[in-house]
Amino acid sequence: MFEDGKLADITIKTLDEQEIKAHNFFLSRSKVFDEMLNNLDSKEVKKEEEGVITILDIDHDVLVEMIRYLYSDEIPKIEEMALKLLIAGHKYDIPGLVDECGDHLAENVSIKSFAEILIVADEFDIQFLKDAAINFVVKNRKIVFPSDVWKKLKVSHMLLAMEVMESFHLNN
């Protein structure tokens, strides 16, 4: 139903002018979309014409996958989009998407991803994900602490880095 857009009753335009055909019924699984569809004066939406909205705060590809989740409860591109989908799911109040992406990220913390995961988990207060990132740092401190990623994190998010260091000392 999502792929072919048959009987779609809403068109979503993204900032890059691409269009996604969708159904209000499925979009309304998101409290934010539901509110948008019932109040087209919201800040996330620019009303173009009846049945057309422009989403100003999310990339087209991420939006497509988020809407796909609303239709199917599936996340086929979770490997490459988990963090972006988690952020979008949080912003658009889709708890199942946030939980599934969070679980995936927690199981796949790496030297490349720990800082972004830590920052997002802290910002959105997702404690289990934050704990997973901190545990990764503690267990892999010999490769994490000399890394450029850690050095940048210490500068850009000093309090968060201090929290990680406190966890390190508490666990030793």
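List of remarks:
- Which numbered condition Ala82 misses (of (1) modelled with pLDDT under 95; (2) surrounded by 19 or more Cβ atoms within 10 Å (Cβ to Cβ); (3) more than 18 Å from Ser28 (Cβ to Cβ)): (1)
- Residue within the range 92-107 that is more than 20 Å from Arg29 (Cβ to Cβ) and touching a Phe, Trp or Tyr at 6+ places or on another chain (Cβ under 8 Å) present: yes
- Residue check, Val64 open to solvent by 20 Å² or more (accessible area, probe 1.4 Å) and either within 18 Å of Val32 (Cβ to Cβ) or within 13 Å of the chain's Cα centre (by Cα) (or both): yes
- Residue tally, condition surrounded by 11 or more Cβ atoms within 10 Å (Cβ to Cβ) and closer than 19 Å to Glu123 by Cβ, over the range 145-161: 9
- Among the residues of the range 22-53, the ones that are open to solvent by 100 Å² or more (accessible area, probe 1.4 Å) and modelled with pLDDT of 85 or more come to 4 in all.
- The set of residues in the range 124-144 that are of a type in the set (Lys, Arg) and either open to solvent by less than 20 Å² (accessible area, probe 1.4 Å) or within 18 Å of Leu85 (Cβ to Cβ) (or both) contains only Lys130.
- In summary, helices (runs of 4 or more DSSP H) completely within the range 23-126 and bearing 1 or more residues that are in contact with a Ser or Thr (Cβ under 6 Å, 6 or more places away or on another chain) and in contact (Cβ under 8 Å) with a residue 12 or more places away in the chain occur at 31-38, 60-72.
- For Ala8, the criteria (1) open to solvent by less than 40 Å² (accessible area, probe 1.4 Å); (2) out of contact with any helix residue (DSSP H, G or I) (no Cβ under 8 Å at 6 or more places or on another chain); (3) not in a loop (DSSP other than H, G, I, E, B) hold in every case but one, which is (3).
- Residues of the range 98-123 that turn out to be farther than 16 Å from Val164 by Cα and either in contact with a Lys or Arg (Cβ under 9 Å, 6 or more places away or on another chain) or surrounded by 21 or more Cβ atoms within 10 Å (Cβ to Cβ) (or both), as a count: 4
The values are calculated or read from the model by the stated rules, or taken from the named source; none is laboratory data. Please read all numbers here as calculations on a predicted model, not as lab measurements. Note: ideal-geometry Cβ built from the backbone for every residue, glycine included; neighbour counts use all protein chains shown. Quick note on the areas: whole protein, heavy atoms, side chains included, nothing else; ligands and nucleic acids left out. Shrake-Rupley method; radii C 1.70, N 1.55, O 1.52, S 1.80 Å.
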